[in-house]
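The values are calculated or read from the model by the stated rules, or taken from the named source; none is laboratory data. Not measured: the values here are computed from a predicted model. Ideal geometry is used to build each Cβ from the backbone, glycine not excepted, and the neighbour counts take in all protein chains shown.
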Amino acid sequence: MDVTAKSEADRDALRFAMNLSLAVGLLMFVMKTGAYLLTGSAAILSDAAESVTHVAAVFFAAYSLRLSYRPPDKDHLYGHTKISFFSAGFEGAMIVLAALFIIYESIRKWMTGLQLENLGVGTALTAAAMIINGGLGCYLLWLGRHKHSIILEADGRHVLTDCWTSLAVLVGLVLVLLTKWPPFDPICGILTACNILWSGTGLLKSAFIGLMDTADPIAQAKLTEVLDRETGARGMTSTAFGTAI
């Protein structure tokens, strides 16, 4: 298969994965919103809030993916691939905002009084969402790394964050069912938010590094080693900025 065909096949695979992520994200939002309306759980609300940020981030990521394939033009002499870092940064920012909202809402519900209902149904819906997101997140992360797409990899991390969120929510709901102590619900919501906050700041950091063209010491050392070896074999002397005879 030639390079062009292979590139087109890669693009089709990435587009399919992004569309799949968007479809599943919308399904998760509907499921989790329904679970929250049935239960009034702060933890489930935090899970639903995470799904909202995921859907918004996927829309931006899908646009970024299409834009990154555009060839260089007179206004973008080096192409449009930098949009990948903007996409990852946007997704990270959305995750951070969701985490802050979850913490605020969990504390508010705890202070104003907890009224939980239909926890059995809410637990079942949350478990189903966790399983679906776990499978999707692993697929997106694998494909993003395999195809060297930071956009898809960031989306995969976001989906897996959503999966871990659902797991924490599930633990909180089970503890409430077993102990009949409602505060387990907002406590798990706050702990979930802290985990989401960590993931979001990680994405923001990676986006900042990419946009600032931060040097990679390991890659630089390997490049210097190769240059020294090749120039030495040809009777030349390598320097940090070039070679000399």
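Collect the residues in the stretch 174-194 that are of a type in the set (A, V, I, L, M), more than 11 Å from residue 106 (Cβ to Cβ) and without any contact (Cβ under 8 Å) to a residue 60 or more places away in the chain, keeping them in residue-number order.
174, 175, 177, 178
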From 180, 222, 205, grab the single residue that is of a type in the set (D, E, K, R) and either under 21 Å from residue 36 (Cβ atoms) or at pLDDT 80 or above (or both).
180
Across the stretch 19-48, the tally of residues that are touching a residue at least 40 places away in the same chain (Cβ under 8 Å), in contact with a Lys or Arg (Cβ under 9 Å, 6 or more places away or on another chain) and assigned to a helix (DSSP H, G or I) stands at 4
Does residue 160 fit the bill of being more than 16 Å from residue 98 (Cβ to Cβ) and assigned by TED's automatic domain parsing to the domain that holds residue 10?
no
Lone qualifier among 152, 119, 141, 65 - being under 12 Å from the mean Cα position of the chain (by Cα) and at pLDDT below 85:
152
Does residue 100 qualify as being part of a helix (DSSP H, G or I), free of Cβ contacts under 8 Å to residues at least 60 places away in the same chain, surrounded by fewer than 23 Cβ atoms within 10 Å (Cβ to Cβ) and assigned by TED's automatic domain parsing to the domain that holds residue 52?
no
